[in-house]
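Read through the structure below, which is laid out as structure tokens, and then see the notes.
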Amino acid sequence: MSSETLAEIVAAVAKEVEPHRGEGRVADYIPALARVDARRFGLAVITCDGEAAEAGEAWAPFSIQSISKVFTLTLALERVGEGLWTRVGREPSGSRFNSIVQLEAEHGVPRNPFINAGAIVVTDALMDGRPPADAIPEIRDGLRRLADNEAIDIDEEVARSEAATGFRNFSLAYFMRGFDNLKSPVDEVLTTYFNQCSLRISCRQLARAGLFLANRGLDPLSGVQVTSPERARRIASLMMTCGHYDASGDFAFQVGLPGKSGVGGGILVIVPGKAAVAVWSPGLNEYGTSQVGALALERLVARTGWSVF
Ligand code: GLN
């Protein structure tokens, strides 16, 4: 790292992206997300030593959306173990996050746990036959513990909005049920999935929650071993190869760090051995990743040299 302090770097990055604020398009296929102002921006970095730096609306809650898939994957692996990999693959998809065609060719086994079909299987695995009333609080409370914040909660309006318009997710789920790759009833799995996607979290809380992945599965601030070092490494590697759907290669090229985006405009990034970073800006690029968020991360890596490459 240069001689600039972390706080100076974060402030400089926020200033650099300022002229770009508002670029991209907010997700409009989920009506409750369409109303968010695309110009909003927040950035938070927390290091494994506990140093924190932030810029913009780092404390403003936003819809976690697909970033939740990182946390449900961690929970599902803890619950059902490596057998999960017979039900979901580990290869980049090269297709949109909600694509249906690939599932037919691959007999209902989704390419990876971060495309929607894969995440729906992961949610089914962590439910393990239990009803949404058990699984949803488990996911929410797990995130509260990791983020060290009891106030984290589900935005009921977003959850309802997703359920009312989630025809594609229903199609994916019924399709997989047809291949016998879902145990629980489709409506129960999707109720849980829509609720996990509707959690509201801030950049500051999200970076805090992801820190265990930067520290070999051990939360360096609470001392809790969240998952094994091997699993933490594998989850991070999937974030690198699959975290941004059909733009994962480009994100690796531009940023070079394991990351996971969500259509709420958030991105969580892991700097192995060093830090976790969360950025939020609701305008998305054509692949569903925050446009200004990805730019901020590219600028951050240019200043810190934090790329793994
Ligand atoms: N809840 C969204 C969906 O299922 C999540 C998609 C995303 O963030 N990429 O469509």
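The values are calculated or read from the model by the stated rules, or taken from the named source; none is laboratory data. Only a predicted model underlies this, so the values are computations on that prediction, with no experimental measurement involved. As a convention, Cβ positions derive from the backbone with ideal geometry for all residues, glycine included, and neighbour counts pool all protein chains shown. Ligands, DNA and RNA are excluded from the accessible area calculation, which covers all protein heavy atoms including side chains. Shrake-Rupley method; radii C 1.70, N 1.55, O 1.52, S 1.80 Å.
May I ask you to say which residue of 120, 136 is touching a residue at least 40 places away in the same chain (Cβ under 8 Å) and closer than 28 Å to residue 102 by Cα?
After applying the criteria, what remains is 120.
Run down 190, 182 and say which single residue is open to solvent by less than 10 Å² (accessible area, probe 1.4 Å), aliphatic (A, V, I, L, M) and assigned to a loop (DSSP other than H, G, I, E, B).
182
Hey, residue 246 hits all of (1) acidic (Asp, Glu); (2) more than 16 Å from the ligand (Cβ to nearest atom); (3) touching a Gly at 6+ places or on another chain (Cβ under 6 Å) but one; which does it fall short on?
With respect to (1) acidic (Asp, Glu); (2) more than 16 Å from the ligand (Cβ to nearest atom); (3) touching a Gly at 6+ places or on another chain (Cβ under 6 Å), residue 246 is out only on (2).
Of the residues 114, 170, which single one is at pLDDT 95 or above and in a helix (DSSP H, G or I)?
None of the others qualify; the one that does is 170.
Would you mind telling me which numbered condition in (1) within 12 Å of residue 272 (Cβ to Cβ); (2) among the hydrophobic types (A, V, I, L, M, F, W, C); (3) surrounded by fewer than 22 Cβ atoms within 10 Å (Cβ to Cβ) residue 239 fails?
(3)
Has segment 119-129 got at least one residue that is modelled with pLDDT of 95 or more, within 14 Å of the ligand (Cβ to nearest atom) and of a type in the set (Ser, Thr, Tyr)?
Yes: segment 119-129 contains one or more residues that are modelled with pLDDT of 95 or more, within 14 Å of the ligand (Cβ to nearest atom) and of a type in the set (Ser, Thr, Tyr).
Could you pull out the residue among 140, 145 that is open to solvent by 50 Å² or more (accessible area, probe 1.4 Å) and farther than 23 Å from residue 30 by Cβ?
Every option except 145 fails the conditions.
Being away from the ligand (no atom under 16 Å from the Cβ) and in contact with a Lys or Arg (Cβ under 6 Å, 6 or more places away or on another chain) narrows it down to one residue among 229, 272, 220, 258; which is it?
The unique qualifying residue is 229.
Residue by residue, here is whether (1) acidic (Asp, Glu); (2) under 23 Å from residue 226 (Cβ atoms); (3) surrounded by 17 or more Cβ atoms within 10 Å (Cβ to Cβ) holds:
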{"site": "43", "(1), (2), (3)": "no, no, yes"}
{"site": "51", "(1), (2), (3)": "yes, yes, no"}
{"site": "70", "(1), (2), (3)": "no, yes, yes"}
{"site": "82", "(1), (2), (3)": "yes, yes, no"}
{"site": "86", "(1), (2), (3)": "no, no, no"}
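With the requirement that a residue be within 16 Å of the ligand (Cβ to nearest atom), outside any helix (DSSP H, G or I) and at positive phi, what does segment 21-80 give you?
Within segment 21-80, just 24 meets the criteria.
May I ask you to say which residue of 111, 160 is basic (Lys, Arg) and surrounded by fewer than 20 Cβ atoms within 10 Å (Cβ to Cβ)?
Every option except 160 fails the conditions.
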